[in-house]
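Single-structure report; data block below.
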Amino acid sequence: MQLPEKLDPSVKGEEIAAGFCDKLGKPRNIAQLTIERLRRASHKVQTQNPLFTGDVGFRVFKLDSSNIQAWEVDRSDLPLTLENAVQHLKPERSETDILYELLLKLGLDLCVPIETRTIVGKNVLSIGKGVLLVCLAEQINREEAEPLALGIVEWHKELAPAGETTCVFRDSGFADDVVKSNLAAILEQYGLSNIRSL
């Protein structure tokens with residue numbers, strides 16, 4: 001963890017680091033300096049050791065507010081309040097933002113392996129070799145529900161996770177309750193009974 005502590009070019013010992021950030025066009029802070037150092041170290045390891053097959057990647061996370069909009073009741077206009085609550089995920093947030101908040105809320109490591117597979121045109125993510133299967137598609141219609149569920153079941157069989165699997169979907173992504181129920185019923189029929197929605 002690194003705070004974005006500012007670098008002051010007028011302070012002895014910080015002038016070189018501040019100049020380095022300026023040269024890169026990055027903000028003058030310790031966090032940006034650390035990110036660039038990690039990138040360069042990774043590149044150096046790969047260049048000097050072409051046979052090395054280990055992981056030299058890293059992820060950068062920034063603290064932010066929740067991706068889920070808070071429930072705020074406007075008692076003077078309840079119909080509008082309910083209408084605004086239909087889409088409870090903030091629209092400006094990416095699928096990746098939502099995924100990592102989900103991992104945090106489930107107590108999973110942010111460095112856990114993540115694989116992606118496209119099933120019926122929808123991105124499905126396998127986290128931790130199938131312990132968590134996530135589809136945050138913004139729309140799943142009636143025609144897609146069954147092939148999506150069967151594709152998830154097939155991938156789950158391939159992954160053969162050691163523990164119980166949880167499947168998570170974007171609740172507002174289902175065209176209606178029938179689609180959601182059908183997809184859940186197919187998954188449950190094949191032993192994937194822990195199904196949640198955001």
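Readers should treat all values here as calculations from the given coordinates under stated rules, not as data from a laboratory. Here the structure is a predicted model, which means the values were calculated and not measured. Virtual Cβ from ideal backbone geometry, glycine too; neighbours counted across all protein chains shown.
Determine, yes or no, whether V153 is assigned to a strand (DSSP E or B), of a type in the set (A, V, I, L, M) and within 24 Å of L106 (Cα to Cα). Here the answer is no, as V153 does not meet what is asked. Could you check, for region 24-44, whether at least one of its residues is of a type outside the set (V, I, T), out of contact with any Pro (no Cβ under 8 Å at 6 or more places or on another chain) and within 30 Å of L198 (Cα to Cα)? No, region 24-44 has no match at all. Restricted to region 139-181, and to residues that are basic (K, R) and buried (at least 17 other Cβ atoms within 10 Å of the Cβ), which residue is farthest from V124 (Cα to Cα)? Only one residue fits best here, namely K180. Within region 1-41, the set of residues being among the hydrophobic types (A, V, I, L, M, F, W, C), in a loop (DSSP other than H, G, I, E, B) and either more than 25 Å from the chain's Cα centre (by Cα) or surrounded by 10 or more Cβ atoms within 10 Å (Cβ to Cβ) (or both) comprises L7, V11. Of all residues in region 88-110, none satisfies being aliphatic (A, V, I, L, M), farther than 23 Å from K62 by Cα and surrounded by 13 or more Cβ atoms within 10 Å (Cβ to Cβ). Does I195 satisfy the criteria of being closer than 24 Å to P91 by Cα and of a type in the set (V, I, T)? Spelling it out, I195 is indeed closer than 24 Å to P91 by Cα and of a type in the set (V, I, T). Does region 88-108 include one or more residues that are over 30 Å from D55 (Cα atoms) and over 19 Å from the mean Cα position of the chain (by Cα)? No, because not a single residue in region 88-108 is over 30 Å from D55 (Cα atoms) and over 19 Å from the mean Cα position of the chain (by Cα).
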